[in-house]
Amino acid sequence: MSGPNDQAMAEPSNPVSNGINWVVNQGMDLLGYNTRRRDPSEDNPFYRDNAQFMPGWSMPGSGLPSGAYAQDRATNYVGHPDRNDPDGTNVWDNVRRSLVQQEGDRIHERQSQGESGRLSFGDLYGAHVNAYDQSSRDPTTGQDNSHGKGGHNGFIDPASFALAVYGAPALEAMGINSGPITGTSIDMFNDPTDSATGGWLKRMGLSAGEMGAGALAMATGHPLLGLGMMGLGAFSGAYNTVTALRHGMLGEIGGGIANGARSLWNGAGNLVSGAGSAIGNGAKSLWNGAGNLVSGAGSAIGNGAKSLWNGASNLVSGAGNAIGSGVSAVGSGVSNAVSGAGRAISSGFHKLFG
């Protein structure tokens, strides 16, 4: 169903705008992000239907606040459904519905107090901070439908958000669709599915870029702009560091260190165990080898001793036989000699007296 401001807030389409966004989309594709407009069935018309209640400066042509353009482009160009990450999809949906609920309630609250219902910058910023902090929960039921994936990465600092509300829509005034560029900014620096540490690292890159831009501006003869950008970078860095610490960055880092230490300890334990097993097996093999060596040596010594004993026995036996034979031979010779001498003497007596 068409809303009252749909035509006035339609994205610009021309060769320059389309060319710039083609490059942006191709680059983000390489990083794994989709910065194209969401499917029409997923359109969020809240910021177009309630554009007059948003803060910001009046856009040329429509006269509607710049904050309406900024939020319409943001909500419709980020958080595409991902069948491979249903928890992350729920986080984005929780943020989107929470913002609609909070900002809608605030408009009605202001109107009930006799005001026009126009929201302040603070109203928008507070709603975004709350939506990110509660992004793991369904805003209607209050139940965690993301298995705790959301709620770790707090919303970006107010200075950077102010650039989104008041600065990015200037591209629209120049005829350039700011949707893909706004989506890039959120995906890169303000993703609610990031951890506190991951979000902080991204924002430190943003702060460094802002300070670098400031230094470049000063070097090219624009000191006021340079000082402003450097101040913005310093403020963003400090603010986002405090936010990350409040959202548990130290715990995440400590957990990462603990997991790394645990893996290192387990690896060392396996190494020691393996070395111990190798040493034990080596010692066992050495012991068995020594035992076999001693056993073999004992057998050799035993066999040698046995052979030596047998040899000695044979030697003694042979010597005994030789001695016995010699004694027998001597005895026989003596006996024969005595017998011969007797016969000779008997024969001489016979001849002498015969």
* Structure fact -> Cβ density ranking, 10 Å radius, fewest first, applied to E210, E42 yields E42, E210
* Structure fact -> Volume per residue (Å³) of the convex hull spanned by the alpha carbons of segment 15-194 is 116
* Alpha carbon centroid spacing (whole Å) that separates segment 175-246 from segment 1-15 -> 29
* To do: Figure the gain on full extension for Q7 and D43 (residue separation times 0.36 nm, minus the Cα-Cα span) and round it to one decimal in nm.
  => 11.5 nm
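When Lys and Arg each count +1 and Asp and Glu each count -1, what net charge do the other residues less than 15 Å away from G63, Cβ to Cβ, add up to? Provide the component values of the computation, followed by the final result.
Details: positive: R48, R118; negative: E172.
Every neighbour counted, the sum reads +1.
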* Structure fact -> FRET efficiency for V242 and L201 from the Cβ-Cβ distance with R0 = 22 Å, rounded to 0.05, comes out at 0.90
* To do: Can you tell me which of 226-232, 123-129 comes out highest on packing, and rank the rest after it, using the mean Cβ neighbours within 10 Å?
  => 123-129, 226-232
* Asked: Roughly how many whole Å is it from the C-alpha centroid of segment 93-137 to that of segment 58-78?
  -> 16
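Using a 10 Å cut-off around each Cβ, can you sort I156, I20 from fewest to most neighbouring Cβ atoms? Numbers along the way, then the final one.
Numbers: I156 26, I20 16.
Ranked by crowding around the Cβ, least crowded first: I20, I156.
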* To do: Treat each spin label as a single point 7 Å out from the Cα along the C-beta direction, and report the S112 to Q143 distance in nm.
  => 2.8
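Rank the residues H152, H147, H222, H247 as a footprinting-exposure proxy: fewest other Cβ atoms within 10 Å of their Cβ go first. Intermediate results must be reported in sequence, preceding the final value.
On the way: H152 25, H147 10, H222 14, H247 20.
Starting with the residue having the fewest Cβ neighbours, the order is H147, H222, H247, H152.
Each reported figure results from applying straightforward, stated rules to the coordinates on display, with no laboratory input. Being a predicted model, the structure only gives us computed values, none of them experimental. Methodologically, a virtual Cβ is constructed for each residue, glycine included, from the backbone with ideal geometry; neighbour enumeration extends over all protein chains shown.
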